[in-house]
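Enquirer: Structure provided below as structure tokens; questions to follow.
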Amino acid sequence: MERVTQCCIVCGEEREVGIAICEQFICQPCEQEMVKTDVNDAKYPFFIHQMRQIWLKKNA
Ligand SMILES: [Zn+2]
């Protein structure tokens, strides 16, 4: 069976497992990281920034 990888928009890694939001791929580790990241976490603005890129691409 052919292995299909997609480039994660958050970490930039090629991964097999993940979710697609607005046709943009987010790998499972990043998705789980985002889910458990607190709003006050230093990483949170980074995730928001990456999510914004999705919307910008979608509405381009
Ligand atoms: Zn990722």
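Enquirer: Return one whole number: the accessible area per residue of the chain in Å², for a 1.4 Å probe. Show your work: numbers first, answer last.
Expert: Numbers: 4650 Å² over 60 residues.
About 78 Å² of surface per residue is accessible.
Enquirer: How much length is gained if the chain between Ile48 and Arg15 is pulled fully straight, taking 0.36 nm per residue apart and subtracting their Cα-Cα distance, in nm to one decimal? Walk me through the intermediate numbers first.
Expert: Working: separation 33, 0.36 × 33 = 11.88 nm, distance 2.07 nm.
So the chain would gain 9.8 nm between Ile48 and Arg15.
Enquirer: To the nearest 10 degrees, how steeply does helix 44-58 sit against the main Cα axis of the chain, on a 0 to 90 scale?
Expert: 60
Enquirer: Continuing with the same structure: For the chain, with all protein chains present and a 1.4 Å probe, just round the carbon and sulfur fraction of the accessible area to a whole percent. Walk me through the numbers on the way to the answer.
Expert: On the way: 2380 of 4650 Å².
So the carbon and sulfur contribution to the accessible surface is 51 percent.
Enquirer: Could you work out Rg/(2.2 N^0.38 Å) for the chain, with Rg from alpha carbons only?
Expert: Working: Rg = 12.1 Å, N = 60, 2.2 N^0.38 = 10.4 Å.
That works out to 1.16 for the chain.
Enquirer: What 222 nm value per residue comes from the helices of the chain, counting each DSSP H run with n ≥ 4 as -39,500 (n - 2.57) and dividing by all residues, nearest 500 deg cm²/dmol? List each step's numbers first, then the result.
Expert: Values: 2 runs with 24 residues, N = 60.
Dividing the helical sum by the residues of the chain leaves -12500 deg cm²/dmol.
The values are calculated or read from the model by the stated rules, or taken from the named source; none is laboratory data. As the structure is a computational prediction, the values presented were derived from the model and not from experiment. Only protein heavy atoms, including side chains, enter the accessible area calculation; ligands, DNA and RNA are left aside. Shrake-Rupley method; radii C 1.70, N 1.55, O 1.52, S 1.80 Å.
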